[in-house]
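*Asks:* Quick one: the structure is below, and I'll ask about it shortly.
The values are calculated or read from the model by the stated rules, or taken from the named source; none is laboratory data. These figures come from a predicted structure and were not determined experimentally. Cβ placement follows ideal geometry from the backbone for every residue including glycine, while neighbour counts extend to all protein chains displayed. Areas reflect the complete protein model, heavy atoms only, side chains present, ligands, DNA and RNA absent. Shrake-Rupley method; radii C 1.70, N 1.55, O 1.52, S 1.80 Å.
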Amino acid sequence: MGGPIASLLALCAAAFSPHALVAQANSTSKPATVKASGKSSIKKHVARAVRKPAGKPLPPPADIPTVRESASVWRGCLESQDLPKLASSFGLEQPRLAALLEEKGLVSGQGDCIAYVAATGGEAGVASAIFQLTEATGESRTVAFHKTGDTIIVTPGVCDCEESTPRVLSLPAREFPAPFTASINSVSASIAPNVRWQLAILVPHMIGRLRAKSTSEKESAKLASDGEPEAENLAGESEPHQAESPVDGYTVRVVVGRHGDDERERLESVEIVEPVSGKRVDGAWWLDRPDGPGVIIGMDGVAYERLLWESPVKYVRSSRGVGASVTTLRRSVPSKKGSSAKGSVIRTIKVPGYHLGVDMMAPKGTEVHAVGDAKVGFAGRRGGFGNLIILDHGRGYQTYYAHLSRIEKGIKAGVRIARGDVIGLVGSTGRSTAPHLHFETRKDSRYLDPFDETRQLGFWLLTEDEQERLAMQLLSAASVVADEDLTARQQ
């Protein structure tokens with residue numbers, strides 16, 4: 001086969017080869033001319049493919065740490081069962097850690113409690129454990145262990161703690177989430193609205209984890225006892241199954257504090273406690289940073305801090321997140337000459353691009369909250385964002401809240417706000433087709449995916465000094481102004 005037919009087939013193959021199209025697009029030579037009039041459509045197809053512009057390159061993401069070891073903090077009395085976890089955190093063999101503890105006099109007698117707080121997930125792999133021993137004289141001695149690389153440094157513990165005036169609020173776990181999600185009552189009225197927002201997110205999640213754990217343990221126990229006769233009481237009758245909720249009897253203990261007469265109260269800790277033993281089964285504690293964003297560190301790492309950063313609004317669903325996207329635009333254009341349409345027609349245009357945030361669908365007027373303490377960087381109208389608020393959280397981190405129907409009064413550039421403050425209401429201003437919140441998290445003006453659990457914000461990692469300060473803060477006996485029984489106040 002040769003001649004004109006062979007030339008035609010070769011041209012068709014080139015038209016449908018992506019590599020050939022790229023080569024042609026990068027070439028300065030003109031395409032070969034096909035003389036036969038019947039082949040003009042093929043020529044036009046190739047020409048259109050050559051002229052098609054390359055897709056817009058994806059913007060580079062922010063450079064933030066991958067999750068290798070999440071920051072975590074836990075506390076208790078030093079006993080033999082604690083040694084494996086502590087040894088693992090410090091990268092030591094258990095006998096070596098036991099010998100080191102004994103060398104420093106950290107061996108408890110019968111019934112004695114050597115209180116300790118341990119923290120892992122620090123910058124450059126730092127881990128710390130602070131031990132507090134009460135001597136026979138009644139004096140307290142504190143010893144700090146710090147692991148950096150392969151080195152263990154032992155020093156006296158130093159508390160660089162900021163004193164606060166705390167209030168301790170206790171509530172049965174079975175009462176949640178009603179106190180902080182229902183209308184304001186005597187319980188929630190005593191707590192600042194921005195703190196209520198945090199508790200409404202954190203506590204139900206903590207209780208849900210407790211329920212799941214309790215249910216799993218009961219199912220395991222049931223499977224282990226299958227085939228065995230039920231226990232009988234003295235009358236020879238089978239004992240009825242207990243129908244109580246897995247969280248009945250547990251207490252939610254909330255500590256809020258103020259660090260100055262002019263400062264607002266803030267959430268310092270929230271714990272789930274067994275009332276009889278006083279054992280903490282879950283907890284999260286606030287670490288303040290005067291020179292940057294603080295962080296909530298829990299027994300399960302930064303899971304609760306991450307949850308707050310993912311919850312600027314109570315949304316129905318997420319319609320799209322960070323990634324490649326296609327935006328559909330409708331434009332009025334003049335009608336073609338000779339067409340039956342007069343004046344102009346509506347043309348649909350699909351524009352490929354990259355979506356840099358998360359769209360959270362919610363009814364118009366739904367409250368939008370600041371996900372962290374911040375200074376307002378911008379508040380006003382901006383192009384396709386519509387009504388937009390940009391918050392500067394420090395250390396290069398920013399959050400964007402777009403398409404708002406309203407920006408709250410007093411929210412303007414330079415104003416400082418607290419985590420949980422209402423900053424605006426959900427709307428559909430700017431380039432938007434339905435009410436939703438367009439939410440972005442950025443680092444040094446470059447995007448990041450706020451729902452990517454393989455990454456963590458840089459300030460979620462703790463320095464050695466911050467680990468020691470947090471541990472000493474938890475070990476220090478804080479003066480309590482009022483221990484309020486919220487159950488009694490509800491009656």
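*Asks:* Could you tell me whether Leu391 is open to solvent by 10 Å² or more (accessible area, probe 1.4 Å) and in contact (Cβ under 8 Å) with a residue 24 or more places away in the chain?
*Replies:* Against the criterion (open to solvent by 10 Å² or more (accessible area, probe 1.4 Å) and in contact (Cβ under 8 Å) with a residue 24 or more places away in the chain), Leu391 does not qualify.
*Asks:* Related question: Give Leu101, Leu83 a once-over and let me know the one that is within 25 Å of Gly298 (Cβ to Cβ), buried (at least 16 other Cβ atoms within 10 Å of the Cβ) and at pLDDT 80 or above.
*Replies:* Leu83
*Asks:* For Ala471, work out the one condition from (1) within 30 Å of Ser128 (Cα to Cα); (2) open to solvent by less than 20 Å² (accessible area, probe 1.4 Å); (3) in a loop (DSSP other than H, G, I, E, B) it doesn't fulfil.
*Replies:* (3)
*Asks:* Sticking with this one: Could you tell me which residue of the range 251-261 is modelled with the lowest pLDDT, considering only residues that are open to solvent by 10 Å² or more (accessible area, probe 1.4 Å) and not in a loop (DSSP other than H, G, I, E, B)?
*Replies:* Arg258
*Asks:* Here is a further query. Would you check which residues across the range 262-278 are open to solvent by 20 Å² or more (accessible area, probe 1.4 Å) and under 25 Å from Val422 (Cβ atoms) and list them?
*Replies:* Asp262, Glu263, Arg264, Glu265, Arg266, Glu268
*Asks:* Would you mind finding the one in Val295, Val281, Val345 that is open to solvent by 40 Å² or more (accessible area, probe 1.4 Å), touching a helix residue (DSSP H, G or I) at 6+ places or on another chain (Cβ under 9 Å) and at pLDDT 65 or above?
*Replies:* Exactly one of Val295, Val281, Val345 is open to solvent by 40 Å² or more (accessible area, probe 1.4 Å), touching a helix residue (DSSP H, G or I) at 6+ places or on another chain (Cβ under 9 Å) and at pLDDT 65 or above, namely Val281.
*Asks:* Right, here's the next one. So which residues in the range 106-132 are at pLDDT below 85, over 20 Å from Glu464 (Cα atoms) and either out of contact with any helix residue (DSSP H, G or I) (no Cβ under 7 Å at 6 or more places or on another chain) or open to solvent by less than 40 Å² (accessible area, probe 1.4 Å) (or both)?
*Replies:* Of everything in the range 106-132, those that are at pLDDT below 85, over 20 Å from Glu464 (Cα atoms) and either out of contact with any helix residue (DSSP H, G or I) (no Cβ under 7 Å at 6 or more places or on another chain) or open to solvent by less than 40 Å² (accessible area, probe 1.4 Å) (or both) turn out to be Ser108, Gly109, Gln110, Gly111, Asp112, Cys113.
*Asks:* Return yes or no: is Arg96 out of contact with any Leu (no Cβ under 7 Å at 6 or more places or on another chain), farther than 22 Å from Gly283 by Cα and open to solvent by 20 Å² or more (accessible area, probe 1.4 Å)?
*Replies:* yes
*Asks:* Would you check if there is a residue in the range 355-371 being open to solvent by 40 Å² or more (accessible area, probe 1.4 Å) and over 21 Å from the mean Cα position of the chain (by Cα)?
*Replies:* Yes, there is a match, as at least one residue in the range 355-371 is open to solvent by 40 Å² or more (accessible area, probe 1.4 Å) and over 21 Å from the mean Cα position of the chain (by Cα).
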